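The values are calculated or read from the model by the stated rules, or taken from the named source; none is laboratory data. Just so it is clear, the structure is predicted and the values come from calculations on it, not from any experiment. Methodologically, a virtual Cβ is constructed for each residue, glycine included, from the backbone with ideal geometry; neighbour enumeration extends over all protein chains shown. Only protein heavy atoms, including side chains, enter the accessible area calculation; ligands, DNA and RNA are left aside. Shrake-Rupley method; radii C 1.70, N 1.55, O 1.52, S 1.80 Å.
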Amino acid sequence: MINKNFWHGKKVFLTGHTGFKGSWLSLWLLKLGADLKGYSLKPNTNPSIYNSLKLDENFESDINDIREFDKLKKSVTSFNPDILFHMAAQPLVRNSYKNPLYTFETNTMGTANLLEVCKFCTNLKTIIIVTTDKCYENDDRSSAYIETDAMGGKDPYSASKGCAELITSSYRHSFLNELKKGISSVRAGNVIGGGDWSKDRLIPDILRSFEEGKKLSIRNPDAIRPWQYILDPLCGYLMLAQNLCEDFENFSTPFNFGPKIQDSKSVKWIVEKMSNYWPSSQWDIFANDSFAESQHLTLNADKAKKLLKWDPKVSLEESLDKIYKWHKAFKIDPKKIKDFSISEIEEYETILN
């Protein structure tokens, strides 16, 4: 359960607040009554969910780079938060091939910068480091990964997130346990929802092509991924933060927040389901992709279910329907999309009760 009384008035610092997941979490935290401050680069898509929700009108937003230690330290320590969520990242596998150094600087040293800053925040009790399902050393096994499996990653993005996990563990044992600051890393699957306009992501690519009546080209049609609705993992992050504040010794460990096993589906399955909304849509396979990606990846979330009483509430088919309705509402009246998004959170909260 999410305790609204817990979040009311809590000072929360969020890196990556202008991104897709960060914008949804910002909206939810504001709805819960948190005192929020964000630190991030400017939105990198146009349109962007951050701008569409007009979030810059509702809390302090520091537009800066996570790699700049002095600016980051000043921003965090001057706010002196109770809780910190770290989402700032270079989030795309294909971009990591094109710019590996930037990816490692942002995802690896950016995380180290932030954790070093956390040592100086006197009020800070809880830190959530958001990584990814791709942090695991993927051997294309059919079984789902658990939190104790080895970190790794063949592509620069996955490797950088594996490094972020190792850095988190190091700071936990070297500094933060002694300071009585709870810290957990969280690993979600392929998070989907309304308002994602990123390049080289399946759902945004589908929406762009099908809405414009263009043929969609996909890669890796048989690749299986743990697709999940945006509010499911965010709910897990919020529940974990609550528990960390109360009992950091028992909850300062990594957690997977993956979908139900039946919602790990192939890329082709997603395309076929989404094409039902556009009966005249067309798609083919782009066979000359030089960027290697794993074929099979699923998460075991039994730990979160047992310790946090968390489980995913929205099925994959329901998620795709929500995405279609969100983008349809945005096209009809972008000015009302904030109210539409809040109603989506309110509907989700009723499922939790």
- Query: How much length is gained on full extension from residue 333 to residue 116, taking 0.36 nm per residue of separation minus their Cα-Cα distance?
  - Reply: 73.8 nm
- Task: Could you size up the charge dipole of the range 237-353 around its Cα centre, putting +1 on the beta carbon of Lys and Arg and -1 on that of Asp and Glu, and report it in debye to the nearest 20?
- Result: 260
- How much of the calculated P(r) for the range 102-195 lies past 23 Å, in percent of all Cα pairs? 29
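Relative contact order of the range 244-343, please, whole-number percent, based on alpha carbon pairs below 8 angstrom and at least 6 residues apart. Walk me through the intermediate numbers first.
Details: 43 pairs, mean separation 32.6, N = 100.
Relative CO of the range 244-343 lands at 33 percent.
The range 32-98: percent of C-alpha pairs farther apart than 17 Å?
On the way: 1133 of 2211 pairs.
Here the long-distance tail beyond 17 Å is 51 percent of all Cα pairs in the range 32-98.
Determine the per residue accessible area of the range 187-268 with all protein chains present and a 1.4 angstrom probe, expressed in square angstrom. Provide the component values of the computation, followed by the final result.
Working: 2730 Å² over 82 residues.
Computed with neighbouring chains in place, this is 33 Å² per residue.
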- Message: Going by amide H atoms built from the backbone, whose H comes under 5 Å of the H on residue 285, apart from near neighbours?
- Response: 218
- Item | For the chain, built as a Gaussian network whose Cα springs stay under 10 Å, the top-fluctuating residue of 127, 270, 203 | 270
- Message: Using a 7 Å offset from Cα along Cα-Cβ at residue 260, what residues in the range 228-253 end up with backbone N under 18 Å from the label point?
- Response: 228-236
- Could you bin all the Cα-Cα distances of the range 130-261 into 5 Å bins starting at 0 and give me the percent of pairs in each, rounded to whole numbers? 2, 9, 16, 19, 19, 15, 9, 6, 3, 2, 1, 0
- Query: Computed FRET efficiency, Cβ-Cβ of residue 97 and residue 315, R0 30 Å: what is it to the nearest 0.05?
  - Reply: 0.40
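Can you pull out the GluC sites (Glu not before Pro) in the range 9-100 whose DSSP state is coil and whose Cβ has at most 10 other Cβ atoms within 10 Å? It would help to have the intermediate numbers written out before the result.
On the way: sites: 57, 60, 68; in loops: 68.
Answer in residue order: no site qualifies.
Taking the range 111-145, which chymotrypsin sites (Phe, Trp or Tyr not before Pro) meet the DSSP loop condition and have no more than 14 other C-beta atoms within 10 Å?
Values: sites: 120, 136, 145; in loops: 120.
For chymotrypsin sites (Phe, Trp or Tyr not before Pro) across the range 111-145 that sit outside H, G, I, E and B with at most 14 neighbouring Cβ atoms in 10 Å, the list reads 120.
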- Item | Karplus 3J(HN,Hα) series, Hz, for the range 209-220 with 6.51 cos²θ - 1.76 cosθ + 1.60 (x for Gly, Pro) | 6, 5, 5, 9, x, 9, 6, 8, 10, 10, 10, 6
- Message: Given Cβ point charges of +1 (Lys, Arg) and -1 (Asp, Glu) and nothing else, what value in debye, to the nearest 20, does the dipole of the chain about its Cα centre take?
- Response: 400
- Note on the structure: Unit-weight point scatterers at every alpha-carbon of the range 214-308, Debye formula, q = 0.15, 0.23 1/Å: log10 I(q)/I(0) is -0.74, -1.15
- Query: To two decimal places, what compactness ratio does the range 8-67 give when its Cα radius of gyration is scaled by 2.2 N^0.38 Å?
  - Reply: 1.02
- Please compute P(r) over all alpha-carbon pairs of the chain, binned at 10 Å starting from zero, and give each bin as a whole-number percent. 5, 26, 37, 25, 6, 1, 0
- Item | Residue-averaged [θ]222 nm for the chain, counting only DSSP H segments that reach four residues, each worth -39500 (n - 2.57) | -12000 deg cm²/dmol
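Multiply the residue separation of residue 57 and residue 69 by 0.36 nm, subtract the distance between their alpha-carbon atoms, and state the gained length in nm to one decimal.
Details: separation 12, 0.36 × 12 = 4.32 nm, distance 2.63 nm.
Net length gain for the segment: 1.7 nm.
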- Message: Between 0 and 90 degrees, rounded to the nearest ten: what's the tilt of helix 316-332 against the longest Cα principal axis of the chain?
- Response: 90
- Which residues' amide hydrogens lie under 5 Å from the amide hydrogen of residue 151, considering only partners 5 or more residues apart or on another chain, with H built in the peptide plane? 137
- Task: Tally the DSSP beta bridges in the range 144-287 and give the antiparallel ones as a percent, rounded to 5.
- Result: 25
- Note on the structure: Residue by residue through the range 156-171, the couplings from Karplus 6.51 cos²θ - 1.76 cosθ + 1.60 with θ = phi - 60°, in Hz, x for Gly and Pro, are x, 4, 4, 5, 5, 6, x, 4, 4, 5, 5, 5, 4, 4, 4, 5
- Carbon and sulfur atoms account, in whole percent of the 1.4 Å probe accessible area of the chain, for 49
- Largest first and rounded to whole Å, the semi-axes √(5λ) derived from the alpha carbon gyration tensor of the range 248-353 read 29, 25, 13
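Taking the Cα centre of the range 94-202 as the origin, how large is its charge dipole in debye, to the nearest 20, when only Lys and Arg (+1) and Asp and Glu (-1) carry charge on their Cβ atoms?
Values: 14 positive and 13 negative charges, 65 e Å.
Here the range 94-202 has a charge dipole of around 320 debye.
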- Query: Under the Kirkwood approximation applied to all pairs of distinct alpha-carbon atoms, what is the hydrodynamic radius of the range 224-264 in Å?
  - Reply: 11.4
- Query: Taking the DSSP beta bridges in the chain as the whole, what percent of them are antiparallel, to the nearest 5?
  - Reply: 10
- Message: Quick check: Cα centre of the range 182-255 to Cα centre of the range 106-156, how many Å?
- Response: 15
- Eigenvalues of the alpha-carbon gyration tensor of the range 26-165, times 5 and square-rooted, give semi-axes in Å, largest first, of 27, 18, 16
